[in-house]
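First comes the structure, then the notes that go with it.
Quick note: the coordinates plus some simple rules give every number you see, no bench work behind them. Nothing here was measured: the structure is a model prediction, and the numbers come from that model. Please note: Cβ atoms are built from the backbone with ideal geometry, for glycine as well, and neighbour counts cover all protein chains shown.
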Amino acid sequence: MKSVINFSYIFIAIILLSCNNKAETVVENNKPVIADTIQTKKIQESIEGIYETKDDPDNTSECAISVEITKAKNSYLYFLQTKLRKLKGKATFTANESGEKYLVLEGIRWDEYEGDISNEEETDSISDSNTASKELEIPVGIGAGYVKDTLTIQNYGNAMNSYTKISECGRKYIQLIKKK
């Protein structure tokens, strides 16, 4: 009887040990991550080029903007041209966890910024007159979403968060499409 019980313990131990071997699952889980990394590198290489706005028949305001993205060593550079200005600087290309891609044209100061009104403190005749009003800093850097050879910039906000990034263009969303 003791031999049957010992055999049962050994049999159960072997089953439990064989269930804990999960090395193959770990290897399989890492394969898609490597594939995603390779795909991201290919996308980063293809961001170089000249992007321009297209005429919009529904929008009468002129909006001629071009951006040239070039690669220099391990970073990107941009050359932005509108009807009023020509700017150069560093461009940063990133992707978030969900795969959305963004390009930030660094060093470009927004044309107008009144700030988010939900963060304003209430002022009235009772409030302390010695409190200095806080000056809003105008943001620097223009972000654009990147999807299939198109850069999209949200150019201005709304009544709750009033700003204008590029005043030369009256469009809410500036779409810059890569030239072939």
Tell me, in nm to one decimal, what length is gained between GLU114 and ILE50 on full extension, where the rule is 0.36 nm per residue of separation less the Cα-Cα distance? 19.9 nm
Please report how far the C-alpha centroid of segment 146-167 lies from that of segment 86-106, rounded to the nearest whole angstrom. 14 Å
Rounded to one decimal in nm, the spacing of the 7 Å Cα→Cβ label points at THR150 and GLU135 is 4.0 nm
With a cut-off of 15 Å, note down the residues of segment 158-176 whose backbone N falls inside the zone around a label point 7 Å from the Cα of LEU84 toward its beta carbon. 163-171
Residues with beta-carbon under 14 Å from that of LEU77, excluding LEU77: net charge, scoring Lys, Arg +1 and Asp, Glu -1? +2
Listed here are the pairs LYS88/LYS180; LYS101/LYS180; LYS83/LYS165; which of them are more than 18 Å apart at the Cα? LYS88/LYS180; LYS101/LYS180
